[in-house]
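Student: This is the structure, below, for whatever I ask next.
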Amino acid sequence: MELHRRIRSAPVGFDAVRTEFDLPTGYPEAAVTEARDAIDAFAGLRRDRTDLEFVTIDPPGAMDLDQAVRLTRTATGFTLHYAIADVAAVVRPDGALAAETRARGQTYYLPDGSVPLHPPVLSEGTASLLPDVDRPVALWTVDLDEHAAPRSYRVERALIRSRARLDYAGVQAAADAGTLPAAIAALPEFGALRIEAGLARGAIALRLPAQSVVADDGASGHWRLVLEPRTAADDWNEQVSLLVGMCAARIMLDAEAPVGLLRTMPAPPGSAVAAMRRTAAALGVAWPAELPVGRVLAALDPNTPAGLVLNSEATTLLRGAAYRPFGVDGAPATPPDDPAHSGLGAPYAHVTAPLRRLSDRFTTEICLARCAAAEIPAWVRTGLTAAADSMKRSDTVANRVDRACVDHTEASLLAPRVGAEFEAVVLREASDTKPAEIFIADPPILAACTGEPPEGARIRARLTRADPSARTVTFGYPA
């Protein structure tokens, strides 16, 4: 039993990661005071929709709840109500809180706690869409046809009350049992239709195992690696957010004088797709010429060697994501010539997570103004380019922080086992510039491997190095 414990958990600290990336350790007093004393600047202008039954769907234990959903089946399709925390209503554009969020850009998540974009008194309290309390929101209403294609959409300021806080596993269990709450009873059908619509647009969804660092309940201060189980409910709920983001992009792009901030991604180069086709052929995966990448990946079992390898290689297709402001000072006067996000097959904007992402406060205000035929607030016009810059910078930091935490945990977990052999699948063979990459299921690790293991093969690899201070792990083949 003690050996089992050493293999699966290790004492790990993440303060060094915070220091390395200069993450804030506290919140300025002036900003906290503003957050604590914040009042709804639009209280008298809201539409009362507390009669509608909303629920939230988030990871277990989450308190910064940005979104609440209500999805109903109609005689001709669906009606989606999606309530987003109205952060702009409680953050003064010229205040200390606005300045601090501009510096942070987004919430950073580490295994032992987050570095929040907003003070918890706001993000986990008065602005969070917690159940059984009235909350000010930006309320999206999307009317959809029987194929879940949007016919009309709008956003307005409203007051809502969530009825329940749900998590993905619970939603999946209720769906399997046929006991989903009325507010989301149509979610499985809607989600399946939207996923199919995405594949028809050429969307590409990766299904690689997602590593996560979680506390080991059996040992204080110990952490372990797990593969996050992704349920169909995760995919259904994701489709709600993606749909609203695509509607927001269209509102920005279709205005007479377009102003906005898009999340874009260029189409993958033909050479990358050709390389992936060669890999598929080598693995014996049939790929008809007319079949797009997204449908090939969707048809694969990600737990097989071929599924793992091709999903891994597909990451080379989804590169170059950017925040693209337009129509304001410091940005192009017109939208980009290609405004699409190639991973989604459509133009897209972030609008659904303003408690955790700076950009969403700005983009939501643009959409609210357009739908109300009102002027876009001056603070949005003057601050949009800076918000885009903050998101670009903080995205890079967030990705590096997440990788550093996983790498540090991997090395700490494996340090006592240098010399041991592990079963692995080869995700990518060695090149002139990079070693091979392998996936080990227990503990779940993606790592470099020296030697020349054949791509897609199941092998035994020997752990040759695990250095927590350098956050590096290396395996060797043959074992």
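The values are calculated or read from the model by the stated rules, or taken from the named source; none is laboratory data. Everything numeric in this text was worked out from a predicted model, so none of it was measured. Neighbour counts are summed over all protein chains in view; Cβ atoms, including those assigned to glycine, are modelled from backbone coordinates with ideal geometry. Only protein heavy atoms, including side chains, enter the accessible area calculation; ligands, DNA and RNA are left aside. Shrake-Rupley method; radii C 1.70, N 1.55, O 1.52, S 1.80 Å.
Student: Kindly provide the helix-only [θ] at 222 nm of the chain, computed as the sum of -39,500 (n - 2.57) over DSSP H runs of four or more divided by all residues, to the nearest 500 deg cm²/dmol?
Tutor: -10500 deg cm²/dmol
Student: Leaving out ligands, DNA and RNA, and with a 1.4 Å probe, what % of the accessible surface on the chain is carbon or sulfur? The partial results should precede the final answer.
Tutor: On the way: 11100 of 21040 Å².
That fraction is 53 percent.
Student: Using a 10 Å cut-off on Cβ atoms, rank the peptides 423-432, 29-38, 157-166 from the highest mean neighbour count down.
Tutor: 157-166, 423-432, 29-38
Student: Let me spell out the model: positive unit charges on the Cβ of Lys and Arg, negative unit charges on the Cβ of Asp and Glu, origin at the Cα centre of segment 39-79. What dipole size does that give, in debye rounded to 20?
Tutor: 260 debye
Student: Continuing with the same structure: Once amide H atoms are built 1.01 Å from N in the peptide plane, which residues 5 or more positions from residue 472, or in another chain, come under 5 Å H to H?
Tutor: 467
Student: So what's the angle, to the nearest 10 degrees on a 0 to 90 scale, between helix 168-177 and the longest Cα principal axis of the chain?
Tutor: Tilt of helix 168-177: around 90 degrees.
Student: Over segment 19-61, average the accessible area per residue using a 1.4 Å probe and give it in Å², no decimals.
Tutor: Spelled out: the 1.4 Å probe surface of segment 19-61, per residue, equals 63 Å².
Student: Sticking with this one: Heavy-atom accessible area per residue, segment 88-241, 1.4 Å probe: how many Å²?
Tutor: On the way: 6530 Å² over 154 residues.
Counting only protein heavy atoms, the per-residue value for segment 88-241 is 42 Å².
Student: Roughly how big is the chain's charge dipole about its Cα centre, with Cβ charges of +1 (Lys, Arg) and -1 (Asp, Glu), in debye to the nearest 20?
Tutor: The calculated dipole for the chain is roughly 460 debye.
Student: With viscosity set to 0.692 mPa s at 37 °C, what whole-number translational diffusion coefficient in µm²/s follows for segment 355-479 from Stokes-Einstein and a Kirkwood radius over Cα pairs?
Tutor: For these conditions, the coefficient is 187 µm²/s.
Student: Rounded to the nearest 20 debye, what is the charge dipole size of segment 264-337 about its Cα centre when +1 sits on each Lys and Arg Cβ and -1 on each Asp and Glu Cβ?
Tutor: 140 debye
Student: Sort segment 162-290 into rounded, prolate or oblate with this rule: let a ≥ b ≥ c be the square roots of the eigenvalues of the Cα gyration tensor; rounded if a/c is under 1.5, and if a/c is not under 1.5, prolate when a/b is larger than b/c, oblate otherwise.
Tutor: oblate
Student: Using alpha-carbon pairs under 8 Å, 6+ residues apart, how would you state the relative contact order of the chain in percent?
Tutor: 17 percent.
Student: If you don't mind, another one. Whole-Hz Karplus ³J(HN,Hα) for segment 440-446, in order, using 6.51 cos²θ - 1.76 cosθ + 1.60 and θ = phi - 60°, x for Gly and Pro?
Tutor: In residue order, the calculated couplings are 10, 7, 9, x, x, 9, 9 Hz.
Student: Another question about this same structure. Taking Cα atoms, how many degrees apart are the long axis of helix 305-314 and the longest axis of the chain, rounded to 10 and kept between 0 and 90?
Tutor: Taking the Cα atoms of the chain, the angle to 305-314 is about 50 degrees.
Student: Also: Under the classification rounded if a/c is under 1.5, otherwise prolate if a/b is larger than b/c and oblate if not, where does the chain fall, given a ≥ b ≥ c as square roots of the Cα gyration tensor eigenvalues?
Tutor: Working: a/c = 1.68, a/b = 1.41, b/c = 1.20.
Taking the square roots of the gyration eigenvalues as a ≥ b ≥ c, the chain is prolate.
Student: If you count only protein heavy atoms with a 1.4 Å probe, what accessible area per residue comes out for segment 380-479, rounded to a whole Å²? Present the calculation step by step, with values, prior to reporting the outcome.
Tutor: Values: 4590 Å² over 100 residues.
Normalised by residue count, the accessible surface of segment 380-479 is 46 Å².
Student: Tell me which of 379, 327, 59 sits at the most positive position along the dipole axis of the chain, charges placed on C-beta atoms (Lys, Arg +1; Asp, Glu -1).
Tutor: 327
Student: Taking amide H positions as placed in the peptide plane 1.01 Å from N, state which residues far from residue 216 in sequence (5 or more) or on other chains have amide H under 5 Å from it.
Tutor: For residue 216, whose amide H was placed from the backbone, the distant partners under 5 Å are 222, 223, 224.
Student: While we're on this one: Taking θ as phi - 60°, what are the ³J(HN,Hα) couplings along segment 77-92 by the Karplus curve (6.51, -1.76, 1.60), each to the nearest whole Hz, with x for Gly and Pro?
Tutor: Rounded to whole hertz, the list is x, 9, 10, 9, 10, 10, 9, 10, 3, 8, 5, 4, 6, 10, 10, 5.
Student: Compute the Cα gyration tensor for segment 85-236, then decide on rounded, prolate or oblate, letting a ≥ b ≥ c be the square roots of its eigenvalues: rounded whenever a/c is under 1.5, prolate when a/b is larger than b/c in the other cases, and oblate in all that remain.
Tutor: Note, shape of segment 85-236 comes out oblate.
Student: Which cross-chain or sequence-distant (5 or more) residues have an amide H under 5 Å from the amide H of residue 162, H modelled 1.01 Å from N in plane?
Tutor: Sorted by chain and number, the residues that satisfy this are 132, 133.
Student: While we're looking at this one, here's another question. Counting DSSP beta bridges in the chain, what percent are antiparallel, to the nearest 5?
Tutor: Approximately 85 percent, going by the DSSP bridge assignments.
Student: If one takes the longest principal axis of the Cα atoms in the chain, at what angle in degrees, from 0 to 90 and to the nearest 10, does the Cα axis of helix 232-253 lie?
Tutor: Long axis of 232-253 versus the principal axis of the chain: about 50 degrees.
Student: Would you be so kind as to identify which of 286, 475, 121 lies farthest towards the positive end of the dipole of the chain, taking Lys and Arg as +1 and Asp and Glu as -1 on Cβ and the Cα centre as origin?
Tutor: The listed residue farthest towards the positive side: 286.
Student: Mind jotting down the distance between the C-alpha centroids of segment 306-333 and segment 367-389, whole Å?
Tutor: Cα centres, segment 367-389 to segment 306-333: 23 Å.
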